[in-house]
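Notes follow the structure.
The values are calculated or read from the model by the stated rules, or taken from the named source; none is laboratory data. Everything numeric in this text was worked out from a predicted model, so none of it was measured. Cβ coordinates were reconstructed from backbone atoms using ideal geometry, including for glycine residues, and neighbour counts include every protein chain displayed. Note: accessible area is taken over every heavy atom of the protein model, side chains too, but ligands, DNA and RNA are not part of it. Shrake-Rupley method; radii C 1.70, N 1.55, O 1.52, S 1.80 Å.
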Amino acid sequence: MRLYFIRHGETEYNKLGLIQGSEVDSDLNKIGIQQSDLFYDFYKHINIEKIYVSGLRRTFQTVRKFIENGVPYEKFNEFNEISWGINQGKNDDLKEYKELTDSWKKGLLDNKFNKGESPNEMIIRLMTGVEKIIKENYNNVLICTHGRALRILLSKLIDNDLTKMDYYNHSNTGLYILKYREGIFSIDLVNDRKHIK
């Protein structure tokens, strides 16, 4: 099984450097739409059998052209972005934001903002989504999710160590390709953006 993981295209929150979590249901901006169109044009020849998106509009909009051209899809709220709680919408150079993400690197994975979500909480729902996909047993699937969600998920699938989440860089419409065989995940492609000309 090959799993094509893509982060959604650019939103105005991304452009402005604002914290955008699960409570922010933003749309792609003009650049994000261009990125998603370029991604479709580059990868439309691949036999994607099913697409999974989060419950947030920006992921659906990123893979819209595949869906319009007949690829079945399903929304999994399990793939929603992490909740940043009371700091949703604030600038991502916030001191508390850096302190929180630094604490995760030190293994303090239950830490979270007030009314937010911790990595240890988030990984439970992310893995529920992955397990559903594995059971469906397609050869090629495309999963559109979010930056922090992608980092946390990859650090679990590849390293079984969430403290390594920041090893996994992500960009808008950056693509990771994973192979799954007999319970083992491996990475074939890392944050690839060759579709962006």
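Between a first residue in the stretch 83-100 that is closer than 24 Å to Ile124 by Cα and among the aromatic types (Phe, Trp, Tyr) and a second residue that is modelled with pLDDT of 95 or more and open to solvent by less than 90 Å² (accessible area, probe 1.4 Å), which pairs have beta carbons less than 6 Å apart while being 6 or more apart in sequence or on different chains?
Qualifying pairs under 6 Å: Trp84/Phe113; Trp84/Gly116.
Within the stretch 188-195, is even one residue without any contact (Cβ under 8 Å) to a residue 24 or more places away in the chain, within 17 Å of the chain's Cα centre (by Cα) and farther than 18 Å from Thr59 by Cα?
yes
For the structure I just gave you, tell me whether Gly183 is within 21 Å of Asn14 (Cβ to Cβ), among the small types (Gly, Ala, Ser) and open to solvent by less than 60 Å² (accessible area, probe 1.4 Å).
Taking the combined requirement at face value, the residue does not satisfy it.
Only one residue in Asn191, Asn169 is in contact with a Lys or Arg (Cβ under 9 Å, 6 or more places away or on another chain), among the polar types (S, T, N, Q), within 21 Å of Asn14 (Cα to Cα) and assigned to a strand (DSSP E or B), so which one is that?
Just a single option satisfies the conditions, and that option is Asn191.
For residues that are of a type in the set (Lys, Arg) and in contact with a strand residue (DSSP E or B) (Cβ under 8 Å, 6 or more places away or on another chain), scanning just the stretch 66-97, find the one that is farthest from Tyr13 (Cα to Cα).
Lys75
Looking only at the stretch 23-41, count every residue that is open to solvent by less than 30 Å² (accessible area, probe 1.4 Å) and either among the hydroxyl-bearing types (Ser, Thr, Tyr) or closer than 13 Å to Gly147 by Cα (or both) and tell me the total.
So the answer is 2.
Yes/no per residue for (1) charged (D, E, K, R); (2) free of Cβ contacts under 8 Å to residues at least 40 places away in the same chain:
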| position | (1), (2) |
| --- | --- |
| Lys115 | yes, yes |
| Pro119 | no, no |
| Leu142 | no, no |
| Ile158 | no, yes |
| His170 | no, no |
| Tyr176 | no, no |
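Being open to solvent by less than 50 Å² (accessible area, probe 1.4 Å), under 28 Å from Leu108 (Cβ atoms) and of a type in the set (A, V, I, L, M), is that true of even one residue in the stretch 166-177?
No, there is no match, as no residue in the stretch 166-177 is open to solvent by less than 50 Å² (accessible area, probe 1.4 Å), under 28 Å from Leu108 (Cβ atoms) and of a type in the set (A, V, I, L, M).
Would you pick out the residues in the stretch 133-155 that are of a type in the set (Ser, Thr, Tyr) and open to solvent by 10 Å² or more (accessible area, probe 1.4 Å)?
Within the stretch 133-155, Tyr138 is the sole residue that qualifies.
What number goes with the only condition from (1) touching a Leu at 6+ places or on another chain (Cβ under 8 Å); (2) open to solvent by less than 60 Å² (accessible area, probe 1.4 Å); (3) over 23 Å from Glu49 (Cβ atoms); (4) of a type outside the set (S, T, N, Q) that Lys197 does not pass?
The one condition Lys197 does not meet is (2).
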